[in-house]
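The values are calculated or read from the model by the stated rules, or taken from the named source; none is laboratory data. All values reported here derive from a predicted model rather than from experimental measurement. All Cβ positions, glycine included, derive from the backbone under ideal geometry; neighbour counts span all protein chains shown. Calculation scope for accessible area: heavy atoms of the full protein, side chains included, ligands and nucleic acids excluded. Shrake-Rupley method; radii C 1.70, N 1.55, O 1.52, S 1.80 Å.
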Amino acid sequence: MPALSSQEFVPGFPVTLNPNAIEAKLAELWDVRGGQDEAGDGDGGVTRITLGNLLWLGGPEQIPQVRDAFRQLVTEYPCRLFLLERHPQADGIEARVNAYCFLTGGQRQVCCEEIHLRFNEDSARHLRGAVLPLFVSDVPTTLWTRGSGLGLQEDMLTSLRKSVDYLVRDSAHLPDPAAALREMAECPKKSGSCPVVDLSWFRFEPLRQQIAGAFDDPGVRANGCQKPRLHIRLAPSKKDPTSSLTVCAALLAGWVASRLGWEWTGGAGFVSQANPVAFAIECDETAATEEGGFLELVLEVPGLGAVSFGKQHEQHLARPLSDAQAMGLALTTRHRSGSFRDSAAVAWRILRDRPKPGA
């Protein structure tokens, strides 16, 4: 094993290690780096912070995007990061470590580490045994799976789930988002399951807060309406042909319906106290942008009033939060998983019954 340089480690240059030597070598690197302040190098030393363990599970094509999310996430939620990469060319289980660092207001460097484990199909059964000893104790552990193209055996994913406190999936990138949301909605019914939530649920958290807050305005309540209505108009994303915004819109509609007691009736939409609800999720292809977003949302509730956000093509109501922003919310608002399950129980039905493009 070559000599390791903490000066390379902290700026984020990966260091290759024997998987069995990870913890010992990390302790050595942090000990060297933390003592540099006493050596008089003037950089103020390094503070090592870990609020939790975060495991990401996926394939090699997603690594650059995930690392970019990690760099942003640690400034808000410093944690020990585990990058679990299934790679067909991996030699058993391969290990690397590197650090993500940022400066605090006092110009002191704060760092947390990433442990990158590459594994192939044959070594997948040993992954849990390699990861468990590396968990920081007495902090929550979260597993984040992108899902698409993993090719993982179900028993391996089940094994990892037994070792974590919280599971975050990203159904928008799965071949069948409706089936994934249904599984998550029904997850608490299965014994031994950890709480599970979808990353899409958090991408429009600010919009849900806007809607809920709008009905606190007495002027909104005074603006009566006769028939229930929910109309969502989307600007598709040019970068996301899978239309993950539709999943977000379905979850938003599911949240509204579950809070108001609307019942899904299949292709006919919702009913409220036996009265039909005017409901639509519309994608405006002429308004497509790189990121996409919500162009317009209209919600009318008899007895409560009506709210409307966004009316101009060029004025987006809301753009989705980034992976890092959404994951930050997922890690700090776990008490909302009950609301998510209620919403997912409706959203998967909306996606299942929604007309397919070109139909």
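Worth pointing out:
- Subset of segment 91-111 that is of a type in the set (D, E, K, R) and in a strand (DSSP E or B) - its residue that is least open to solvent (accessible area, probe 1.4 Å): E94
- Of residues in segment 311-352 being open to solvent by 50 Å² or more (accessible area, probe 1.4 Å) and modelled with pLDDT of 90 or more, the one nearest to Q65 (Cα to Cα): Q325
- Listed by position, the helices (runs of 4 or more DSSP H) enclosed by segment 162-232 that each have at least 3 residues that are surrounded by fewer than 21 Cβ atoms within 10 Å (Cβ to Cβ) and free of Cβ contacts under 8 Å to residues at least 40 places away in the same chain are 205-214.
- Residues within segment 272-289 that are farther than 17 Å from A306 by Cα, hydrophobic (A, V, I, L, M, F, W, C) and open to solvent by 40 Å² or more (accessible area, probe 1.4 Å), tallied: 2
- Flag for P236 being at pLDDT below 85, over 30 Å from E291 (Cα atoms) and either under 29 Å from the mean Cα position of the chain (by Cα) or not hydrophobic (A, V, I, L, M, F, W, C) (or both): no
- Single condition R118 does not satisfy, out of (1) within 26 Å of T47 (Cβ to Cβ); (2) among the basic types (K, R); (3) at pLDDT 85 or above: (1)
- Within segment 69-78, the set of residues being touching a Ser or Thr at 6+ places or on another chain (Cβ under 9 Å) and either outside any loop (DSSP other than H, G, I, E, B) or in contact (Cβ under 8 Å) with a residue 40 or more places away in the chain (or both) comprises A69, Q72, E76, Y77.
- Listed conditions (1) open to solvent by 20 Å² or more (accessible area, probe 1.4 Å); (2) farther than 27 Å from V168 by Cα; (3) at pLDDT 90 or above are all met by V301, apart from (1).
- One residue from A250, A257, A235 being small (G, A, S), within 17 Å of V307 (Cα to Cα) and open to solvent by less than 20 Å² (accessible area, probe 1.4 Å): A257
- Among residues that are polar (S, T, N, Q), within 24 Å of the chain's Cα centre (by Cα) and surrounded by 13 or more Cβ atoms within 10 Å (Cβ to Cβ), S244 is included.
- Residue check, L83 in a strand (DSSP E or B), at pLDDT below 90 and open to solvent by less than 10 Å² (accessible area, probe 1.4 Å): no
- Yes/no for S148 being assigned to a helix (DSSP H, G or I), surrounded by 15 or more Cβ atoms within 10 Å (Cβ to Cβ), in contact with a helix residue (DSSP H, G or I) (Cβ under 7 Å, 6 or more places away or on another chain) and modelled with pLDDT under 90: no
- Checking each residue in segment 184-198 for being modelled with pLDDT of 75 or more and farther than 14 Å from V168 by Cβ picks out A185, E186.
- In the set (1) modelled with pLDDT of 80 or more; (2) surrounded by fewer than 20 Cβ atoms within 10 Å (Cβ to Cβ), the condition left unmet by S159 is number (1).
- When segment 263-295 is filtered for residues that are within 15 Å of W348 (Cα to Cα) and touching a residue at least 60 places away in the same chain (Cβ under 8 Å), the ones remaining, listed by number, are W264, G266, G267, I281.
- Conditions (1) closer than 21 Å to S163 by Cα; (2) part of a loop (DSSP other than H, G, I, E, B); number of the one not met by P88: (1)
- Within segment 20-60, the set of residues being in a helix (DSSP H, G or I), at pLDDT 60 or above and of a type outside the set (A, V, I, L, M, F, W, C) comprises N20, E23, K25, E28, D31, P60.
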